[in-house]
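All remarks here apply to the structure that follows.
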Amino acid sequence: MNNQSMPAWHKLHYDHATLLDLHAHPGFNVSLFHRLLTSRIYPSKRAFDPFSVRTNFPRLKDGGVDILMSVIHPPERGIQDECNLLPYLRFVMPRTWKRIYGRPYFEVANDMIDQMEEAVAKGIDPTTGKPFARFAHTKTELEAILAEGKDRPIALVHVVEGGHTIDGKLENLQELYDRGVAYMTLAHFFENEIVAPCYPWPEDIQKFGWFSSERDITRGLTPFGDEVVEKMVELGMIIDLAHCTPPARVRIYEIVGKRVPLVFSHVGAYEINPDPYNPKDWELRKIAESGGVVGVIFMNYWLMPRESNRGMNFIARTIEHFIKVAGIEHVSIGSDFDGFTDPPDDLKDASELPKLTQRLIAEGYPEDDIIKILGGNALRTLRDGWGKVS
């Protein structure tokens, strides 16, 4: 198909927009399952399947992804208590089990970073002989990749999910920043030295007594958490509020104010689906005041008050709501693909991201606004927030 016969959405999606996904987990495929990110053999199924692959290099390339915030998450030990089958994995996968659960979180995180970098370095596109992707460890390196033109590699940027990763040590935060980590999600599944989390599990997986423990969402940021937030501001490591309890988020707004951009990397809207995980309207305005962005998650459970399999309608409604409240400059996407999530059947992996562009065109959004939603806003936040405050 030549350029003259290309549909309008195609040129917008692949040529005009810089598509940035704020939150996805290709690292799990590498570190837990030892998969090749260059391979197409792993299916991306419509039904929930944690062993599907949704962000390998061919799918990212097919979907027009330019920048991917590549999540490093050392699995938390508390999850063994949530599902009594998980400890049996030590017998099925003894080496992986020891490597993941037999060491401090910080060591595991650094090992995962090493494995991802090695996998990316080996990822050559057989059709071009060029690298599929390259890690950017600084804004300067990111800008250099973006300047390479249309056939440039996908730019990957390290991010960390869960403050447990630093094992209660500020010097570990510094080391992660020095290794190229652009943001850290302070909370995740379990309380850590920094902060308490919201309830993390979809209710429909609470079977056989699994994943049924409660969370105290009145708990917030700890005194050490105050120090971590200040250190992140000083370093220029972006603060991600996803998974934090509402009181913790209030405290972070108090500490940070308008000094640096804040993000919710992968959430829905509380006014559409009233779960404490999702930010309320006043919080969306706080993010806008900071110059940050809110990334729409591609997981029906957090998007919808009553879950169904097809989620594109609620992705569109959530984007619309975020724009109405926070403004067009502060909306982005954070798929959470490959994070053991169940994405919508009508947008099930990175290769299907053009469907979102088509939907936004059909909704009547101007081209400039679609470019902002697909990545322009997130890229601006990355440029403004990643790096030391001058």
Within region 351-368, the residues that are of a type in the set (D, E, K, R) and either crowded, with 18+ Cβ neighbours inside 10 Å or within 16 Å of LYS11 (Cβ to Cβ) (or both) are GLU352, LYS355, ARG359, GLU367, ASP368
Any residue in region 192-207 that is of a type in the set (Phe, Trp, Tyr) and surrounded by fewer than 19 Cβ atoms within 10 Å (Cβ to Cβ) sitting within a Cβ distance under 8 Å of a residue that is modelled with pLDDT under 90 and not in a loop (DSSP other than H, G, I, E, B)? List the pairs, counting only those 6 or more apart or interchain.
TRP201/GLU82
In region 93-139, what residues are in contact with a strand residue (DSSP E or B) (Cβ under 7 Å, 6 or more places away or on another chain), hydrophobic (A, V, I, L, M, F, W, C) and crowded, with 19+ Cβ neighbours inside 10 Å?
ALA109, MET112, ILE113, MET116, VAL120, PHE132, ALA133, PHE135, ALA136
Conditions (1) crowded, with 21+ Cβ neighbours inside 10 Å; (2) over 26 Å from ASN56 (Cβ atoms) -> HIS158 fails only (2)
Tell me the strands (runs of 3 or more DSSP E) entirely within region 217-322 that contain at least 3 residues that are surrounded by 24 or more Cβ atoms within 10 Å (Cβ to Cβ) and not polar (S, T, N, Q).
262-267, 293-296
Against the conditions (1) closer than 30 Å to GLU191 by Cβ; (2) modelled with pLDDT of 95 or more, where does THR18 fall short? Just the number, please.
(1)
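The values are calculated or read from the model by the stated rules, or taken from the named source; none is laboratory data. Here the structure is a predicted model, which means the values were calculated and not measured. Cβ atoms come from the backbone with ideal geometry, glycine included; neighbour counts cover every protein chain shown.
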